Amino acid sequence: MAAAQSQPATLKVKVYGSMDESREIVTLYQTAINRGAVVVAGPLTRDGVTALAEQVKITVPTLALNYVDEASLAYFDDINTQNLFFFSLSIEAEARLAAQMAIAAKLKNATVVSTGTSLSKRLSLAFTKEWNALGGTVSEEIIYLEDVKPFGLLSIEPGNMIFLAAEAEKARVMRPYINAALPIYATSQIFTSNTKTLSNYDLDNIRFADMPWLLQKDHPAVMIYPRANPALTSDLERLYAMGIDAFRLLHILRVSSLQGEISRGSLPMDGVTGYIGLVNKQFIREAIPAQIKQGQSQLLTRPKLPPVSSQP
């Protein structure tokens with residue numbers, strides 16, 4: 001809504017709420033179409049996306065705010081879903097970017113640290129797959145269960161590094177026990193905001209990737225759109241930014257439906273959530289690299305490697 005109100009002569013927005021997308025999305029979608037919708041954003045959940053793709057002929061450009069795996073995408077790729085596209089804030093892409101950043105820094109041996117949660121396991125797996133594909137070696141895997149002793153035994157031989165698949169609270173506990181000579185990489189999970197300077201000091205020198213909305217106030221698109229008032233938590237700020245880019249992508253899809261194809265000049269899009277391109281119906285977001293220094297995030301240059309994997 002912030003994006004819609006910030007752009008003149010924009011599409012009129014109608015919101016349809018749902019408590020259970022897997023059951024309600026088909027009816028809601030058909031209602032929107034019957035009332036004249038020319039583009040649609042949603043569903044938000046994977047179950048909702050699956051229900052929509054399996055049961056409805058997608059007649060207008062539709063931007064699902066989640067992603068599906070490659071097998072499901074191939075299954076959906078028929079005449080009924082030609083107008084269905086996907087956009088999400090997949091944090092696994094950030095784990096893959098962390099692997100690319102470390103390889104670009106000439107590192108080769110990784111210790112992967114997870115916390116045992118399902119999300120941490122997904123991040124560890126995404127990093128490891130990309131790391132191995134780029135020629136790196138995982139020398140050790142540590143599951144952190146409040147025991148910091150293993151960190152003191154890690155080798156600081158040149159070429160070694162650590163990937164932390166952990167959120168900020170646990171990363172702050174682990175970081176002081178890791179030798180400063182070891183490069184540490186993570187995802188946006190470890191970053192809350194630049195207003196938490198004292199907390200960020202505990203994360204000094206950790207490299208990660210996040211969106212311009214939180215890292216780059218002077219970004220051309222970031223400066224255009226209003227901030228939420230009152231301020232949101234970092235997780236909700238990321239969803240707010242996702243909404244802005246989703247609205248911008250809807251405009252691209254609307255224009256493409258009128259012209260018959262997506263304009264070459266419209267993509268990749270330098271969005272508030274990252275650099276966004278289109279691969280096989282999926283809008284792939286590449287976050288921007290950064291490093292925490294003296295309690296603040298500092299931008300880093302993009303690694304000179306192939307772009308983030310086509311996986312979402």
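The values are calculated or read from the model by the stated rules, or taken from the named source; none is laboratory data. Values in this document were obtained by computation on a predicted structure and should not be read as measured data. In this analysis, Cβ positions are derived from the backbone assuming ideal geometry, glycine residues included, and neighbour counts consider all displayed protein chains. Each accessible area value is taken on the protein alone, full model and side chains, heavy atoms only, with ligands, DNA and RNA left out. Shrake-Rupley method; radii C 1.70, N 1.55, O 1.52, S 1.80 Å.
So here's what we get for this one:
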| read-out | value |
| --- | --- |
| The chain, relative contact order in percent, only Cα pairs under 8 angstrom and at least six apart counted | 19 percent |
| With eigenvalues of the C-alpha gyration tensor scaled by 5 and rooted, region 119-204, Å | 21, 16, 13 |
| In degrees, nearest ten, helix 21-34 long axis to first principal axis of the chain (Cα) | 40 degrees |
| Over 22 Å between alpha carbons, listed pairs Lys121/Lys304; Lys129/Lys196; Lys121/Lys196; Lys129/Lys304; Lys149/Lys293; Lys12/Lys217 | Lys121/Lys304; Lys129/Lys196; Lys121/Lys196; Lys149/Lys293; Lys12/Lys217 |
| Full-extension gain in nm, Ser22 to Leu119, via 0.36 nm per residue minus C-alpha separation | 32.7 nm |
| Share of carbon and sulfur in the accessible heavy-atom surface of the chain [1.4 Å probe, %] | 52 percent |
| FRET efficiency for Val38 and Val138, using Cβ-Cβ distance with R0 set to 51 Å, rounded to 0.05 | 0.60 |
| Convex hull volume of the chain per residue (C-alpha atoms, cubic angstrom) | 142 Å³ |
| Accessible area in square angstrom per residue, the chain, 1.4 angstrom probe | 50 Å² |
